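The values are calculated or read from the model by the stated rules, or taken from the named source; none is laboratory data. Being a predicted model, the structure only gives us computed values, none of them experimental. Glycine gets a Cβ as well: all are built from the backbone with ideal geometry, and neighbour counts include every protein chain shown. With ligands, DNA and RNA removed, areas are computed over all heavy atoms of the protein, side chains included. Shrake-Rupley method; radii C 1.70, N 1.55, O 1.52, S 1.80 Å.
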Amino acid sequence: MPKHYRPAGKKKEGNAARYMTRSQALKSLQVNLNLFRRLCIVKGIFPREPKKKVKGNHHTYYHVKDISFLQHEPLLEKFREIKTYQKKVQKAKAKKNEELARLLLTRQPTYKLDRLIRERYPTFIDALRDLDDCLTMVHLFAVLPASDRENLEVKRVHNCRRLSHEWQAYISRTHALRKVFVSVKGIYYQAELEGQKITWLTPHAIQQVFTNDVDFGVLLTFLEFYETLLAFTNFKLYHSLNVKYPPILDSRLEALAADLYALSRYIDASSRGMTVEPKVDASSSSQSNDRAESELRLAQLQHQLPSSEPGALMHLVADKEVEEHEETRACKSLFKDLKFFLSREVPRESLLFVLPAFGGTVSWEGEGAPFKEDDESITHHIIDKPSAGHMYLSREYVQPQWIYDCVNARIILPTEKYLVGRIPPPHLSPFVDNEAEGYVPDYAETIKRLQAAARNDVLPFPGVGKEDLEDPQNLLYAGVMSRTEEAKAAENKKTMAEREKQYHEELKKELKKEVTGSVVDDVAAPVVEEGEGEESSVPDAAQIAQDTADMPTLMMSRKKRKLYDAMKIGQKKKSESVERIKQRKKNLKADQ
Amino acid sequence: MGNRSKSSRKGKKAWRANISTEDIEDFFEKSTKDALSGGNLSAAPSEDLFHVDKSHDIPVKWKIEKHREKVLRCDSVLKKNPFVQVVSSSKPKSKISKKNTNVVESKTLKQAQKNVDDGSVMTDLWGDDDDDNNGEHEKNPRKIWKMTSTIPAVEVDPAGCSYNPTAESHEDMLAEAVAQEMQKVYKAELGPEPVPLTIDGEANIEDEAGLLSVCNRIINGKSAYFLGVDNGSEGEEEADAENESSEAGNKKLARTTKRVTRVVLNKRSRQKALRKMETKEKLKEKLSKEIDSLPKILKEIAKDDKEKQNKLIRKKIAKEEVLKIRPPRLGKHKYEAPPVQVLLTEEMTGSLRKLKACCTLARDRFKSLEKRGILVPSKNIRRSLYRALDKKKYLLILGKPFGATSDKPICHFPEKCAESALKFLGDLTHIYFVGNAPMAHMAIQPTEETPDLPSYKVNNIALIETKKEKCSNYSYGYTIFFIFCRFLFRCSVVAASKYKISNYEDFMWVTKDELLAFFPEHAEFFNNTIVS
C-alpha cells in the first residue's frame, strides 16, 4: 500500500484538510481571479505557507477557514450583482441602445467598505497601528500622474491629495511629528499618535513613473481600501479637535495650490469656536463640477510642483489640550520665535509641513503667502542656490537640510555649516540607534555635545566616551571637565576593584582557616587544599566579573538562556560590523 | 402447425373435415363460463375489483397528537407535584425576532441621530469604542486576525541611503548595492548556457538517410572507442580473477584430502577455550577501564550535548533572521528584492535641489507588499505567451521606434516587414504564414514625430496576433500584419520560447483590451478590425 493511501470517503486530515490552493478556492467561491484578488485585499486575507505543501511547491495556499470567511462576505454578493449589471449595460451598448445604456450607468449599484474597516480594525488604535502602508500609498498616489492606461482617474489622485493634506495638517497642528529623514527614495516622517509610532514615506517632488513590473490594478484596489481607512481616521482625528471633518477650504488658496495652508487656517478658525461660513465656496465648487474634469487636469499639473502647506499655526489661541506630553511641548517650542521664508527652489510641500509642526511661522514665494519676502521680522531664509541674490542682513540664509537636522536633534543648530553655497554636513538618519549600533558618526557626536550644551544649565554634562582632540567643539564645551570627571570615575573604579580584591582575599583566608581546622586528621589533604586555595585566592577582577556574569545565566530558565545566548551572538556580529566600518574609515582617511 | 403447413396437402389431413376446431370450442366454453360468473374480470374497472380499506388508517397528524397525549410515568409523577415547573422543549421564535428588530431599529435611530448631529455623510466608525464594548466586538466574527509577516510595512532606509550621507555609511550601502548587482552577474555567468536556436554550419544533409548514416557513424565510432577501452580493462580483470580462483580451488582440494586427527581436534578445542578466556579477560579489562574513565566519558557527552544545543540555537536564530528579511515562499516565483536606492559617489552633491531622486516608488510599494507576504510574487507576465490563453495576443515592443525624433523609448508595434519584425523571436522556423493574401489594411497618417516616412518604401507596422490552445504542446494561431497603410497578413507563432531583443528594451504580449489602453487614439480602428 502506498504511504499516503487514504480510503475513499475517509476525511482528509492535517495540512490537506486545512489548506487549499488558489484555484480550489476560486472554484469553491465561484468567482474569477480578479474578483478573488479584490476580495482578499479588501478583507485582509493573505496566502499562507503550510508546513507541508500537499499539492506541490508551485501553488499558492489559503487557509480553508479564510476561504469560508470570504464565502460569507456580503460584498461577494454585491460584486456578483455589479457583474450582472455590467452585462446589462454591455448588452444595451451592443444593441446600440445608447439611451438605455446611459440610463443604466446612472443607476449602477455601488458598494461601501466602511463595515470592513470596522471589522478589520475593531478599535481606533488598531487602525492607527496599521496606518503606515496606508499613508505611504496615499502620499504616493497623490503625486502620480493620472493615466487612462492604468485606470487612474484624476478624481482619485485629487482625493489622495486631499486626504494626505488633511493628515499632514492634523499632525502639524498637534505637533505630533517626531523624526524626518531625507533619503534618496523620498522623505520619511515619523509621528507619534496615541502612543503609536507611525512612519510613512513621501516621494520627492519629481515625476513618479509607472513601471512595467508593477500590477497597478492590485495597487489601485489597495488604494481604494486605504482611502476609506484614511478618511475615517481623519474624521476621528478632526473630531477630536472639535473640527468638522470634511473641511471647507478657502477656494482662493485652494486654487493657488496652497491647500495645506488653507487647511491649517480652517482648523485654527474652527478650534477657536468661530463658525465657518465659507459654505458658499463649497456650493460654487459643486456647481462647477462638470467643468472640473478639465480644470482638475490643469490643476493637477500645477500640483505636480510642490504645493504648499500650512503656514500660520503661529496665531493659535492658547490650547485647551490639558495633557500634553513633554516631548510634544519640546517639539512645539523648537522654532517658536522664528519666522521662515522659503525660496522658490526648496521643497515647499515638505517644509510647509515640518516647520509649523515644530512651532515655526512660515511663508513662501508666491501668491497667497502670509507675508512677503521683504518682511523685516523674518529670521531665517531657506534657500538652495549656490548664492543668494539680494541679501537682508537681518536674517540668516540657510539650506533646507538645516531644518531637518534641527528637527531631528531637537535643538537649534549653529547655522555656519549650512550657509548658502557650502556643502552641508552629512544628513544623519534619526531612525538609526547609534548606541545599539555601536558606531557613532562624527557629526552625531558633535550634535550630541551641542545638545548636552543646550541642556547644560539644568543637567550635568555626561561623560563622553571617545573624544576627538581635534574637534574644537569638544574643547569648547566642557571637554576638560568631562575628562577630569572621567579620570575620577576611572580612579573610583580602580579603588573599588582593589577593595573588592582585598575583601575576597580575606574571605578566602577565612575559608582556608576553617578548612584546615576541620580536617586535622588527614595530612595530605591540607596541602592539596592549600594549593587550590592559593590558586583561587588570587582571583583577578576579570574572573570575578565573569563569575558574577555567569550567576544569572545559571538561574535562568533554559528558554531564557537560549534567548540570552542568541542576543549575545547578535551583539558580537554587530560589534564585528562596527569594527569593519571603523577599519574602512581608517582606510578612507589614509587614502585621503 | 408449421410442420403441418409445410407438409404436402395431398394427404387425409388436408381435408376440410379434419381441420381442428378446438380453439373455437375453447373460446365458447370460456365465454359461457364468464357469462355465468358475472362478466370478464380483465374488462372490469379496477375500482370494481378492489377497494381501499380506510377503516384502520390514522392520519399522520392525529398520530403525532396521540403520541403526545401519551404521558410518561415520570412526567405523571412530576405533574402531581405542584412546585415543579414545566420546561418547554423549544423556544418560541416570535419573541426573539421582535427583540431583534427593536435593537436594529434603535441602532439605526442612534446612527441617524448622530448623522443629524454631524451634519455630514460620514459617521464615526469607532465612536462607540469607549461606552459599550471595549475589546471584544460582536460585529467582528473573527477573533484572530494576524499579519503573516513580521516585516514592517514601511522599512526605513539605512543611513547610507541619505541624500547627503556620511562617507562610511555611504560606502557600506554602495558595497551592498554592488554585491547585489554582482550576484546577478555571477548567476548569469555560472548558469547553464541557453540552447541556441540555430547552429552554424553546412546544412547539406538533406535526406534522412544521410542524416541517419552520419548519426550511425558517430554512434558506432563512439561505441567502438568506448568498447575498445572497456575490453582491455575487463580482460585483465578476468585474467586476475581466474588466477585467484584456481589457487583457491587447489587449497580447497588439499584441505579436503587431509584427515583431521584427534590430536588436531584437541588442539583446536584447547585453542578455542583459550581464545574465549582471552576475550573475556579483554572485556573485563575494557569494562574496568571504562569505569575508570567515567568522568571523561561524562564530559564528552556533556560536550556533545552542548555542541548540539549550540547548533540548535544557531539554527533557530538563522531561521528568525531569515524570516525578518526574506518573505515566505508563497507561489511559483521567489521574491526578488528591488535594487538599493543609493546615490553614486559622483551624484553626491549635498544639495537637495540637485538630488537625483528615485522615481519608482510605486515599485517600492509593490515589492513591499510582496515582501510582507500579502501578494504572491510574480514575474513580469506580459512577456509570456502563456497567459490570457483564451484571448489573442499582440506583440508590442518597447524601444525607439523607427523615425522617431525623441530618444525616449515608447511602446509600439514592430516595424519593417512581417518576417524581419518577427526575427527577434528567434529564427523563423517556428513561425509560419497562413497565407499570402492580406486580411485588412490600416491607414496611418505620418505624424510630426515621423516626418520622413515616405522616403522609405517599406515602413510597415506589424501587428502580430497569436492564439494558443491550452492543451496542445505547442502554440498555434494567427499573426496579422499591418503593413503601413496597406495590408494585414496572417501567420502563426509556434512555441516561441526564446527571444533575442537586439535593438529593443523590452517587449510584451498584450490582449486587445490592453492594446486599446496603449493606443487610445486608435481605439476605434482596433475595435473594428481586431478580435479579442
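See the values below:
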{"quantity": "Every pair of residues 6+ apart whose Cβ atoms lie under 7 Å, when the first sits in the range B:294-323 and is within 11 Å of chain A (Cβ to nearest Cβ) while the second is hydrophobic (A, V, I, L, M, F, W, C)", "calculated": "B:Ile313/A:Ala566; B:Ile317/A:Ala566; B:Ile317/A:Ile569"}
{"quantity": "Number of the exception - A:His158 against (1) more than 10 Å from every other protein chain (Cβ to nearest Cβ); (2) more than 23 Å from A:His239 (Cα to Cα)", "calculated": "(2)"}
{"quantity": "Within the range A:389-409, considering residues that are of a type in the set (A, V, I, L, M) and open to solvent by 20 Å² or more (accessible area, probe 1.4 Å), the one nearest to the other protein chains (Cβ to nearest Cβ)", "calculated": "A:Met391"}
{"quantity": "Residues that are among the polar types (S, T, N, Q), assigned to a loop (DSSP other than H, G, I, E, B) and closer than 25 Å to A:Ser429 by Cβ, drawn from the range A:392-418", "calculated": "A:Gln399, A:Thr415"}
{"quantity": "One residue from B:Leu343, B:Leu330 being closer than 30 Å to A:His427 by Cβ, of a type outside the set (Gly, Ala, Ser), within 12 Å of chain A (Cβ to nearest Cβ) and open to solvent by less than 50 Å² (accessible area, probe 1.4 Å)", "calculated": "B:Leu343"}
{"quantity": "Every residue from the range A:225-247 that is open to solvent by 40 Å² or more (accessible area, probe 1.4 Å) and either within 11 Å of chain B (Cβ to nearest Cβ) or at pLDDT 95 or above (or both)", "calculated": "A:Lys236, A:His239, A:Ser240, A:Lys244, A:Pro246"}
{"quantity": "Some residue of the range B:360-376 being open to solvent by less than 30 Å² (accessible area, probe 1.4 Å) and in contact with a strand residue (DSSP E or B) (Cβ under 7 Å, 6 or more places away or on another chain)", "calculated": "yes"}
{"quantity": "Condition check for B:Lys316: closer than 30 Å to A:Ala566 by Cα, open to solvent by 90 Å² or more (accessible area, probe 1.4 Å), basic (Lys, Arg) and in a helix (DSSP H, G or I)", "calculated": "yes"}
{"quantity": "Residues of the range A:176-217 that turn out to be part of a loop (DSSP other than H, G, I, E, B) and at pLDDT 90 or above, as a count", "calculated": "4"}
{"quantity": "Criterion violated by A:Ile412 - all others in (1) open to solvent by 40 Å² or more (accessible area, probe 1.4 Å); (2) under 27 Å from B:Glu155 (Cβ atoms); (3) modelled with pLDDT of 85 or more; (4) of a type outside the set (D, E, K, R) satisfied", "calculated": "(2)"}
{"quantity": "Qualifying residue in the range A:67-85 (condition: over 18 Å from A:Phe225 (Cβ atoms), small (Gly, Ala, Ser), assigned to a helix (DSSP H, G or I) and open to solvent by 10 Å² or more (accessible area, probe 1.4 Å))", "calculated": "yes"}
{"quantity": "Per-region count, the range A:1-49, residues at pLDDT below 90, open to solvent by 50 Å² or more (accessible area, probe 1.4 Å) and farther than 30 Å from A:Tyr111 by Cα", "calculated": "14"}
{"quantity": "Long-range neighbours under 8 Å by Cβ, at least six apart or interchain, first residue farther than 19 Å from B:Cys359 by Cα within the range A:143-160, second modelled with pLDDT of 90 or more and not hydrophobic (A, V, I, L, M, F, W, C)", "calculated": "A:Arg156/A:Glu227; A:Asn159/A:Glu227"}
{"quantity": "Any pair with Cβ under 9 angstrom, 6 or more apart, that starts in the range A:429-441 at a residue that is more than 8 Å from chain B (Cβ to nearest Cβ) and under 18 Å from A:Tyr189 (Cβ atoms) and ends at one that is surrounded by 17 or more Cβ atoms within 10 Å (Cβ to Cβ) and of a type in the set (S, T, N, Q)", "calculated": "A:Pro430/A:Gln190; A:Pro430/A:Asn408"}
{"quantity": "Criterion: assigned to a loop (DSSP other than H, G, I, E, B) and on the phi < 0 side of the Ramachandran plot - qualifying residue of A:Arg38, A:Arg6", "calculated": "A:Arg6"}
{"quantity": "Scan of the range A:50-65 for residues that are touching a strand residue (DSSP E or B) at 6+ places or on another chain (Cβ under 8 Å) and either open to solvent by less than 50 Å² (accessible area, probe 1.4 Å) or away from chain B (no Cβ under 13 Å) (or both), ordered by number", "calculated": "A:Pro50, A:Lys53, A:Val54, A:Thr60, A:Tyr61, A:Tyr62, A:His63, A:Val64"}
{"quantity": "Any pair with Cβ under 8 angstrom, 6 or more apart, that starts in the range A:369-391 at a residue that is farther than 17 Å from A:Arg348 by Cβ and outside any strand (DSSP E or B) and ends at one that is open to solvent by 80 Å² or more (accessible area, probe 1.4 Å) and of a type outside the set (A, V, I, L, M, F, W, C)", "calculated": "A:Thr379/A:Asp337"}
{"quantity": "Hey, A:Lys88 more than 28 Å from A:Cys160 (Cβ to Cβ), in a helix (DSSP H, G or I), of a type outside the set (A, V, I, L, M) and in contact with a helix residue (DSSP H, G or I) (Cβ under 9 Å, 6 or more places away or on another chain) or not", "calculated": "yes"}
{"quantity": "Whichever residue in the range A:167-209 is at the interface with another protein chain (Cβ under 7 Å from one of its Cβ atoms) and open to solvent by 10 Å² or more (accessible area, probe 1.4 Å) and, among such residues, is farthest from B:Leu361 (Cα to Cα)", "calculated": "A:Thr199"}
{"quantity": "Residue check, B:Leu355 farther than 30 Å from A:Lys43 by Cβ, assigned to a loop (DSSP other than H, G, I, E, B) and either facing chain A (nearest Cβ under 8 Å) or in contact with a Leu (Cβ under 9 Å, 6 or more places away or on another chain) (or both)", "calculated": "yes"}
